[in-house]
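To keep things clear, I will list the structure first and then write my remarks on it.
The values are calculated or read from the model by the stated rules, or taken from the named source; none is laboratory data. Just so it is clear, the model here is predicted, and its values are computed rather than measured. Note that we place each Cβ from the backbone using ideal geometry, even for glycine, and neighbour counts take in every protein chain shown. For the accessible areas, the whole protein counts, side chains as well, though only heavy atoms, and no ligand, DNA or RNA atoms are used. Shrake-Rupley method; radii C 1.70, N 1.55, O 1.52, S 1.80 Å.
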Amino acid sequence: YAPTTAQVHAEPVLIVPAWIMKFYILDLRPHNSLVNYLVSQGHSVFMISWRNPDEADRDTSLEDYRQLGVMAALRVMDQILPGRPVHGVGYCLGGTLLSIAAAAMARESDNRLCSVTLLAAQTDFNEAGELMLFINEAQVSYLEDLMWQQGYLDNNQMAGAFQLLHSNDLIWSRMVHEYLRGSRTPVSDLMAWNSDQTRMPYRMHSEYLRGLFLNNDLAEGRYTVDGAPISIDDIRVPVFAVGTRSDHIAPWRSVYKVHRLFDASSVTFVLTSGGHNAGIVSEPGHPNRHFQIASVAEGQIYVDPQAWEKRTPTQEGSWWPAWQNWLQEHSSGLESPPTLGAPKAGLPSLENAPGSYVLQK
């Protein structure tokens, strides 16, 4: 993204969004764009935009997403900003992928990440919340058969499960409001984004559901990268994790497990009001927002989530400024902003955000 300040923090930010839905949830409108906020605070921001897979992508694996997504983005950033460590940020499934990439990098003594931020992202799926109602051996086998025939999981097939998780809000209240009362609910930016659905390639989604959800391989040290298991506790860089209080997809107590899984130099955890989407898109000035925040340094005694919730004071407003201060504290200073792209390296600046991939149907 183009800089908007005369100087920028030396360490850039790489955002890895989920590929369930499209990336621009973090760049909806100027007033509630997390990207716009970061750029206005002097951060160089890079973001992955995932393409919408079709039947030709049926054999795309979770490892392909790591290599062609996170690792490829880091290589590009190193060409634009040579030798600079990166603040890695992962949202939802993108946070799980970032954790996999960070653990593999730690194993290989790859020090290109200077911090990891996880937004409503799980690395332990043992208590993955209400979504587990739809994920058991029989359901996964059924989905695998379905995806084998199509090459992907269709967006409409996936949307039904998420609507049932939020049935009061997404099904019944809408039925009452629109069909019984005859009044149409105004479309918000989040609602418009929520209808811009994507597909899941057969192989990746099968690996994700079976390996992570059913078997919990990542948390239990069985997930392999390049033929060898990786371990989350190899990640030693500072970690900032955000859980949202009414999250039906990544329950905050599940996100809180970063305290036990990561052997980080420090872990800062935020519990914010709102759900999986609205709790993250929680800009300064948004009414009725509040959060709790506390940090744990390496070697300090573990505090369980219930005790943490009771002892941590509540602050009014958005958690974004607290995170921005944390990023600034873990950066090394200000400098002139980088160029857009690296034309000499064959990386020219392309079209304006949100780019062309979001137009794929």
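What pairs come up if the first residue lies in the stretch 220-238 and is polar (S, T, N, Q), the second is at pLDDT 95 or above and not in a helix (DSSP H, G or I), and their beta carbons are under 6 Å apart, counting only those six or more places apart or on different chains?
Going by the 6 Å Cβ cut-off, the qualifying pairs are Ser231/Gly221.
Taking the residues in the stretch 319-361 that are charged (D, E, K, R) and surrounded by fewer than 13 Cβ atoms within 10 Å (Cβ to Cβ) as candidates, determine which candidate is nearest to Cys114 (Cα to Cα). Full working, then the answer.
Taking the stretch 319-361 as the starting set, the residues that turn out to be charged (D, E, K, R) are 329, 335, 344, 351, 361.
Keeping just the survivors that are surrounded by fewer than 13 Cβ atoms within 10 Å (Cβ to Cβ) gives 329, 344, 351, 361.
Details: Glu329: 12, Lys344: 27, Glu351: 29, Lys361: 36 Å.
By that ranking, first place goes to Glu329.
Only one of (1) out of contact with any Asp or Glu (no Cβ under 7 Å at 6 or more places or on another chain); (2) touching a residue at least 40 places away in the same chain (Cβ under 8 Å); (3) surrounded by fewer than 21 Cβ atoms within 10 Å (Cβ to Cβ); (4) closer than 25 Å to Gln360 by Cβ fails for Ser61. Which number is that?
(1) is the only condition that Ser61 fails.
I need every pair where a residue in the stretch 204-219 that is at negative phi has its Cβ under 6 Å from the Cβ of a residue that is of a type in the set (Asp, Glu) and open to solvent by 10 Å² or more (accessible area, probe 1.4 Å), sequence separation at least 6 or different chains.
Taking only residues 6 or more apart or on different chains, the pairs are Ser206/Glu144; Gly211/Asp217; Ala219/Asp124.
Give the residue that is farthest from the chain's Cα centre (by Cα), with candidates limited to residues of the stretch 227-270 that are small (Gly, Ala, Ser) and part of a loop (DSSP other than H, G, I, E, B).
Per the stated criteria, the residue is Gly227.
Residues checked against (1) touching a residue at least 40 places away in the same chain (Cβ under 8 Å); (2) surrounded by fewer than 18 Cβ atoms within 10 Å (Cβ to Cβ); (3) in a loop (DSSP other than H, G, I, E, B):
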residue: Leu14; (1), (2), (3): yes, no, no
residue: Trp19; (1), (2), (3): yes, no, yes
residue: Asn52; (1), (2), (3): yes, no, yes
residue: Ala56; (1), (2), (3): yes, yes, no
residue: Leu68; (1), (2), (3): no, yes, no
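Taking the conditions exactly as written (of a type in the set (A, V, I, L, M), surrounded by 18 or more Cβ atoms within 10 Å (Cβ to Cβ), within 19 Å of the chain's Cα centre (by Cα) and not in a strand (DSSP E or B)), does Ala102 satisfy them or not?
Here the answer is yes, as Ala102 does meet what is asked.
What number of residues within the stretch 75-98 are outside any strand (DSSP E or B) and touching a residue at least 60 places away in the same chain (Cβ under 8 Å)?
14
Here's a check for you: in the stretch 36-50, which residue that is assigned to a helix (DSSP H, G or I) and free of Cβ contacts under 8 Å to residues at least 60 places away in the same chain is least open to solvent (accessible area, probe 1.4 Å)?
Top of the filtered list is Val39.
Considering every residue within the stretch 70-80, establish whether at least one is open to solvent by less than 10 Å² (accessible area, probe 1.4 Å), under 24 Å from Pro3 (Cα atoms), among the β-branched types (Val, Ile, Thr) and under 18 Å from the mean Cα position of the chain (by Cα).
yes
Taking the stated definitions as given, is Ser318 among the small types (Gly, Ala, Ser) and under 20 Å from Gly94 (Cα atoms)?
So Ser318 fails the test.
Within the stretch 105-125, how many residues are out of contact with any helix residue (DSSP H, G or I) (no Cβ under 9 Å at 6 or more places or on another chain) and either at positive phi or open to solvent by less than 10 Å² (accessible area, probe 1.4 Å) (or both)?
1
Go through the stretch 234-251 and report how many residues are open to solvent by less than 10 Å² (accessible area, probe 1.4 Å) and farther than 22 Å from His330 by Cα.
Of the residues in the stretch 234-251, 2 are open to solvent by less than 10 Å² (accessible area, probe 1.4 Å) and farther than 22 Å from His330 by Cα.
Would you tally the residues in the stretch 244-265 being under 25 Å from Tyr37 (Cα atoms) and modelled with pLDDT of 95 or more?
Of all residues in the stretch 244-265, those under 25 Å from Tyr37 (Cα atoms) come to 244-247, 250, 252, 255.
If we keep only those that are modelled with pLDDT of 95 or more as well, we get 244-245, 252, 255.
Final tally of qualifying residues: 4.
Which numbered condition in (1) of a type in the set (A, V, I, L, M, F, W, C); (2) surrounded by fewer than 21 Cβ atoms within 10 Å (Cβ to Cβ); (3) over 21 Å from Gln328 (Cβ atoms) is the only one that Ala10 fails?
Result: Ala10 fails condition (3) only.
For the stretch 210-226, enumerate the residues that are over 17 Å from the mean Cα position of the chain (by Cα) and either assigned to a loop (DSSP other than H, G, I, E, B) or among the aliphatic types (A, V, I, L, M) (or both).
Listed by number, the residues that qualify are Leu214, Asn215, Asn216, Asp217, Ala219, Glu220, Gly221, Arg222, Tyr223, Val225, Asp226.
If I go through the stretch 287-339 residue by residue, how many of them are among the charged types (D, E, K, R) and either in contact (Cβ under 8 Å) with a residue 40 or more places away in the chain or assigned to a loop (DSSP other than H, G, I, E, B) (or both)?
Here the count works out to 4.
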